[in-house]
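For reference, the structure is listed below as structure tokens.
The numbers here are math on the coordinates, done by the rules we state, and not lab data. In this text the structure is predicted, and so the values were computed from the model without any measurement. Cβ placement follows ideal geometry from the backbone for every residue including glycine, while neighbour counts extend to all protein chains displayed.
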Amino acid sequence: MPSKAEPVTELRRVKIVENGEELVDFLRLCSELKLDRPRFNYRRETLLRRSVAEMLRDANLSLMKKGYRIQVIEGWRAPLIQRRMFAAVWEHMQKHHPDWSETKLRRTVNQFTAHMNPRVPPPHTTGGAIDVALTDLAGNEMDVISPYLIHDINGYFTDAPRLTDEARRHRDLLGEAMLRTGLTNYPSEYWHWSYGDQGWAYRGGKEHAIYDSITPPDWTPDPLDVTDAPLQWVTANAD
């Protein structure tokens, strides 16, 4: 049975057979999709593999009929941003858990963000992964986390215990809409969904993944993002 933590040692065994599918701008594909508030300070891209963008569009349309909307936190992520995000999460965990051994720190950080690894490309760098939030039609964020605080990792797990009835109902609404399209959820992060990457293949017992890490040939980074410094949180209660 697949581990909910989806360790790198397991994902490494999943072969990748890149199918060459293009990245598309999901905001152009579906005008009803909206970007959610940023979590880190950098330029976000609005790119996903075409199949994933279409699945996201379908999930959003089904939720809109019920008075809800998917707002996108992020889709495709550049490798340089991935490296900086890993450093930011490492720094955050180390600050809040100074008593943790390096082994425990690395294991925990790996569970919530991925280091650049050509054999196990981080899901967002493949264009097959997406982070989402659930809002009403006016863009007001729905409660999917209570009674946990926003940065309590115990509340990150999709099946986190002791969720309020309201938070569980909202998670279930989102999950039903996403699963119906073919997207799958990473169990350690209720907001993270993917298709085509190694995590998707691992969860579903697929023969191989179909998306490798990808960078658009005409893409150039924001000069302000080109640094090795950890990303900076922009949420008010990041610490």
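Spatial offset of the stretch 187-216 relative to the stretch 30-91 amounts to 15 Å, using the alpha carbon center of each. Cα gyration tensor of the stretch 19-85, axes a ≥ b ≥ c as square roots of the eigenvalues: rounded (a/c below 1.5), prolate (a/b > b/c) or oblate? Oblate.
The alpha-carbon of residue 66 sits under 12 angstrom from the alpha-carbons of these aspartates and glutamates, leaving out residues fewer than 8 places away in its chain: 136. Quick check: from the Cα gyration tensor, does the stretch 130-231 come out rounded (a/c under 1.5), prolate or oblate? Oblate is the answer for the stretch 130-231, as a/c is 1.5 or above yet b/c matches or exceeds a/b. Using the Cβ-Cβ distance between residue 149 and residue 22 with R0 = 45 Å, the FRET efficiency computed as 1/(1 + (r/R0)^6) comes to roughly 0.70. Name the shape class, rounded, prolate or oblate, that the alpha-carbon gyration tensor gives for the chain, where a ≥ b ≥ c are the square roots of its eigenvalues, rounded holds for a/c under 1.5, and otherwise prolate holds if a/b is larger than b/c and oblate otherwise. Verdict is rounded for the chain.
What percent do you get for the relative contact order of the chain when only Cα pairs under 8 Å and 6+ apart count?
Numbers: 399 pairs, mean separation 72.8, N = 239.
The value is 30 percent.
For residue 166 and residue 15 in one chain, what is 0.36 nm times their gap in residues minus the Cα-Cα distance, to one decimal in nm? Intermediate results must be reported in sequence, preceding the final value.
Working: separation 151, 0.36 × 151 = 54.36 nm, distance 3.95 nm.
So the extension gain works out to 50.4 nm.
Which parts of the stretch 177-197 would a label at residue 65 reach, counting a residue when its backbone N lies under 14 Å from a point 7 Å out along Cα-to-Cβ? The answer is 177-178, 180-181, whose backbone nitrogens lie closer than 14 Å to the label point.
Tell me, in nm to one decimal, what length is gained between residue 179 and residue 91 on full extension, where the rule is 0.36 nm per residue of separation less the Cα-Cα distance?
Details: separation 88, 0.36 × 88 = 31.68 nm, distance 3.32 nm.
Residue separation times 0.36 nm, minus the Cα-Cα distance, leaves 28.4 nm.
Check the straight Cα-Cα distances from residue 65 and name the lysines below 27 Å, setting aside those fewer than 8 residues away within the same chain. Within the straight-line limit of under 27 Å, residue 65 reaches these lysines: 34.
Of the peptides 79-89, 51-61, 12-22, the order by per-residue mean of other Cβ atoms within 10 Å, starting with the highest, comes out as 51-61, 79-89, 12-22.
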